[in-house]
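Input: a single structure, listed below in C-alpha cells.
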Ligand SMILES: Cc1cc2nc3c(=O)[nH]c(=O)nc-3n(C[C@H](O)[C@H](O)[C@H](O)COP(=O)(O)OP(=O)(O)OC[C@H]3O[C@@H](n4cnc5c(N)ncnc54)[C@H](O)[C@@H]3O)c2cc1C
C-alpha cells in the first residue's frame, strides 16, 4: 500500500470517544488523523443524558458547559406499564445536551487544535509493516505509529468483534417539546423495552427508546404500530405521545444494537468507547464511558510518547485500567436491562425498590464511576 502521509496516531471514528481522544492528543502536540465516515453536525440516536462524572473532563477538552445554561438533572422517575412509579434522587446526576451540539463543538475544537479530520471518509482495512500501521481509507492510505479504534457499535470487517452475540435491540429517538420538570429523567417501561425522556438545550427534550428487535418484528417492523400497540400500553407514554410536539418528521432509528464486553486492546490496536464495550443505555452512562476510555487511553499513550514506557507496556496499562473501570459496569448494565424489560418483573421490582432505597442507590452506583 502506498501511503500519503504519516501521523503519530490515527483514530478510526469521530464520535465522542474518537473526538475527545484526538483533542487530548493534540493538546500534547501529537500529530493526529481522525477518520470519520459521516460529517458534522449531525443527529445520533442517544438519550442525551450525560452523567456528571464527565462534566469537568468535557470542560477541560474546551467545551464551555458552565456557560451554556444546560439542564442539570438530579431526579429519576421510573414507571412500569401498569402505572407503578419509583422516584429517586440521583447522587451524582447528569446534564442534558444533544449529540448534534456536543459533537459539533468537539469537532470544532479538534480543528482549532490542528487535528486533521477527514469527514465523509470511510476506514477500509489496515496492515502492519515494520512497526507502522498502514490504514486504507476511501480517501487514500495513511500511516501511523499508533492505531486507535472508536468506530462505535458496528465493527468494520477486519477489526475486532466479539464472537458471541447477545440479543438484538433497536434504538429510536425524537426531539420533542413537552412540559416536564427539567431536573428529572424519566424511564417508562413497556414489554421488551423502555423509553427515556429528559431535557436538553433550548427547552427541548430528548425522547429515546430501546426495544428488543423481536417486539418490533411482531408489529411488522412498523415503528408507528409499535408505538401505538406496545409503548402506549404504558399510560405515561400514552399521554406523552398524544400531547408532545414532535420536532422531526420521522424518528431516527438504529438497529442491530447489542451489549457486551469486548476488548480494549487487540492485535496491537487500542479500542475505546463503544468499540471496546457497549453499556446498556438504561444506566445512562455510555457517553461518560466513551469519555473516560479516551481519558484512560490518553494517559497511557502520554507515558509512551514521553518515552517512559514501551508500546507493549502502554497497552498493558490501558487494558488494566479499562478492565477496572468498565468490565463489571457493562455486565451489570446488561443484566439490569434484561430485568427491566420484562414488564411483570419490572413492576414487581419497582414495588420492592420503592421500599429499599439503599438497593437502588447501590445499583445506580454499580453502573457509574467517580468524576475524572
Ligand atoms: C438507544 C440508545 C440510547 C442511549 N442513551 C444514552 C444516554 O442517554 N446517555 C449516555 O451516556 N449514553 C447513551 N447511549 C450510549 C451512547 O450513545 C454511546 O455509548 C456513545 O455514543 C459511544 O460513543 P462512541 O464515540 O464510542 O461511538 P459513536 O458515537 O457511535 O461514534 C462512532 C463513530 O465512528 C464512525 N465510524 C463507524 N465506522 C466507521 C468507519 N468504517 N470509518 C470511519 N468512521 C466510522 C461513526 O460514523 C461514528 O461517528 C445510548 C445508546 C443507545 C443505543
Which angle from 0 to 90°, rounded to the nearest 10, does the C-alpha axis of helix 343-354 make with the longest principal axis of the chain?
90
Could you tell me the distance between the Cα centroids of the range 145-190 and the range 1-65, to the nearest Å?
17
What translational diffusion coefficient, to the nearest whole µm²/s, does the range 86-127 have by Stokes-Einstein, given a Kirkwood radius computed over alpha-carbon pairs, a temperature of 4 °C and 1.567 mPa s viscosity?
92
Using Cα-Cα distances under 8 Å and only pairs 6 or more residues apart, what relative contact order does the range 91-244 have, in percent?
17
Share of Cα-Cα pairs in the chain beyond 28 Å, in percent?
44
Contour minus Cα-Cα distance for residue 87 and residue 8 (0.36 nm per residue):
23.6 nm
Only residues of the range 327-341 count here: report those whose backbone N is under 15 Å from the spot 7 Å along Cα→Cβ of residue 233, or say none.
340-341
Return P(r) of the range 265-324 (all Cα-Cα pairs; 5 Å bins starting at 0; whole %; ordered from short to long distances).
4, 19, 29, 23, 13, 7, 4, 1, 0
Working from Cα positions, state the angle (0 to 90°, nearest 10) between the long axis of helix 286-305 and the longest principal axis of the chain.
20
Scoring the chain by relative contact order with C-alpha pairs under 8 Å, at least six apart, yields a percentage of 22
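Once Rh for the range 114-263 is found with the Kirkwood sum over Cα pairs, what is the Stokes-Einstein diffusion coefficient at 10 °C and 1.306 mPa s, in µm²/s?
Result for D is 86 µm²/s.
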At R0 = 30 Å, FRET efficiency that the Cβ-Cβ distance of residue 313 and residue 370 yields, to 0.05:
0.75
Let's test the formula: R0 of 45 Å, r as the Cβ-Cβ distance of residue 108 and residue 224. What FRET efficiency results, to the nearest 0.05?
0.80
Reference-scaled alpha-carbon Rg (2.2 N^0.38 Å with N residues) for the range 195-291:
1.32
In degrees, nearest 10, range 0 to 90: what is the angle between the Cα axis of helix 357-366 and the longest Cα principal axis of the chain?
20
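Helix-only mean residue ellipticity at 222 nm, the chain, DSSP H runs n ≥ 4 weighted -39,500 (n - 2.57), per residue, nearest 500. What is it?
Mean residue ellipticity, 222 nm, calculated: -10000 deg cm²/dmol.
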In terms of the Cα gyration tensor, with a ≥ b ≥ c the square roots of its eigenvalues, is the range 155-235 rounded because a/c is under 1.5, prolate because a/b exceeds b/c, or oblate?
oblate
Please give the peptides 123-135, 22-34, 231-243 ranked by average Cβ packing (other Cβ atoms within 10 Å per residue), highest first, as a rough proxy for protection.
22-34, 231-243, 123-135
So, relative contact order of the range 175-276 in percent, Cα under 8 Å, 6 or more apart, is 24
Contour excess over end-to-end distance, with Cα ends at residue 246 and residue 131 and 0.36 nm allotted per residue:
36.2 nm
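We did not get these values from a lab; they are worked out from the coordinates using the rules stated. None of the values given here were measured: they were computed from a predicted structure. Using ideal geometry, Cβ is built from the backbone for each residue, glycine included, and neighbour counts are taken over all protein chains shown.
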